[in-house]
Amino acid sequence: MRVAVFSSKSYDREFLARANAAGRHELVFLDARLDAATVPAALGAQAVCAFVNDRLDREVLQRLQEMGVRLVALRSAGFNHVDLEQAQALGIAVARVPEYSPYAVAEHTAALVLSLDRKIHRAHARVREGNFALEGLLGFDLHGRTVGVVGTGKIGECFLRIMGGFGCRLLATDPQPSESCRQLGVRYVELPQLLADADVVSLHCPLTPQTRHLIDAPALARMKRGAMLVNTSRGAVLDTRAVIGALKSGHLGSLGIDVYEEEADLFFRDLSGEVIRDDVFARLLTFPNVLVTAHQAFFTEEALTAIAQVTLRNLDAFEDRGQPEYPVTPARLA
Ligand code: NAD
């Protein structure tokens, strides 16, 4: 199949080309992010391959269908950026990579927790400037602290295992509790209790209509004063303006994020030297107790290898049997 690969970076090209070494598919690598303006670049393709900030709304899907595209192969686990009902109505199959490396995301989450706690980002900058003072760098032992995880799927469970290794007490909330988490010693509670009891709250649920702004001003007010909040799931699970309010008042002790609700215009690009026009994001960067990474939690060799291999398997299966190996349907959203 001819496949238009949108939002492709040097690393996507490298790993996808390796997975397609036999040359079964013609991969056309495009720098552009897929949206209504760039959709004509898919002309002649039977499939498009898209990433997290590509826009697959009603209009884009309609245009893709008119151009003969029959498959959208996502290079992500999350599918909140696709209008699944429209895709189904148009007869466009949607595929994803349901699991590539939960370790990659969970380990990055742990890195954010440790960096924020022990202020590694500030210590690194200080030492390079010849400032070896410790004032302002006081941390806390993770051992004996309570970690609360929202969403105990693949990544949430992996993160809980890591934090269990530090000697943390483990709390979680999930509409579908997991037996393997219970066996780890995880105690399931409702979200308000988790927020009230946890010293570190980490978000690992998908973005759905139910989880949009799950952590809003009332939820933040329920958190322990001085607690840490970490989000490596999807930006809009957090109400960023409310979070800024909680940081300004000092109620929220620290924030680590790998995702941001308006990240599509910022992330995955080198904008150094340019003016950041997003005032909310710019405000976040001014806090000494906020650590932001630009959606890199998935970014390990193992994860990129798996993403490329599963994406190619989705393409192969669609060509052979008319169904990708890992389809996503509106039923999944429900
Ligand atoms: P998963 O499907 O295995 O687990 C998600 C869990 O969240 C499920 O157990 C589900 O029951 C639970 N859940 C759903 N609604 C909930 C709610 N309202 N409250 C609490 N829990 C709820 O998914 P996963 O592979 O563990 O991934 C989790 C999320 O991480 C993905 O949806 C994706 O958005 C994000 N992610 C981010 C990166 C990154 O690079 N930052 C990479 C991969 C995935």
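Taking the residues in the stretch 287-334 that are without any contact (Cβ under 8 Å) to a residue 40 or more places away in the chain and within 16 Å of the ligand (Cβ to nearest atom) as candidates, determine which candidate is farthest from Q88 (Cα to Cα).
V292
Considering only residues that are among the acidic types (D, E) and part of a loop (DSSP other than H, G, I, E, B), look in the stretch 99-129 and name the one that is farthest from the ligand (Cβ to nearest atom).
Looking at residues that are among the acidic types (D, E) and part of a loop (DSSP other than H, G, I, E, B), I get E129.
Among the candidates L238, L252, single out the residue that is touching a helix residue (DSSP H, G or I) at 6+ places or on another chain (Cβ under 7 Å) and surrounded by 17 or more Cβ atoms within 10 Å (Cβ to Cβ).
L252
How do the helices (runs of 4 or more DSSP H) wholly within the stretch 130-233 filter down when requiring 3 or more residues that are modelled with pLDDT of 95 or more, exposed (fewer than 15 other Cβ atoms within 10 Å of the Cβ) and within 14 Å of the ligand (Cβ to nearest atom): which remain?
179-184
Which fully enclosed helices (runs of 4 or more DSSP H) of the stretch 240-334 have 1 or more residues being under 20 Å from M223 (Cα atoms)?
Ranges flagged: 240-249, 279-284.
Would you mind telling me which numbered condition in (1) modelled with pLDDT under 95; (2) under 22 Å from the mean Cα position of the chain (by Cα) G273 fails?
So G273 meets the others, but not (2).
Among residues belonging to the stretch 1-38 that are surrounded by fewer than 18 Cβ atoms within 10 Å (Cβ to Cβ) and acidic (D, E), point out the one that is nearest to D57 (Cα to Cα).
Checked the stretch 1-38; the qualifying residue nearest to D57 (Cα to Cα) is D35.
The values are calculated or read from the model by the stated rules, or taken from the named source; none is laboratory data. Just so you know, these numbers come straight off a predicted model, no measurement behind them. FYI the Cβ positions are ideal-geometry reconstructions off the backbone, even for glycines, and counts take in every protein chain you see.
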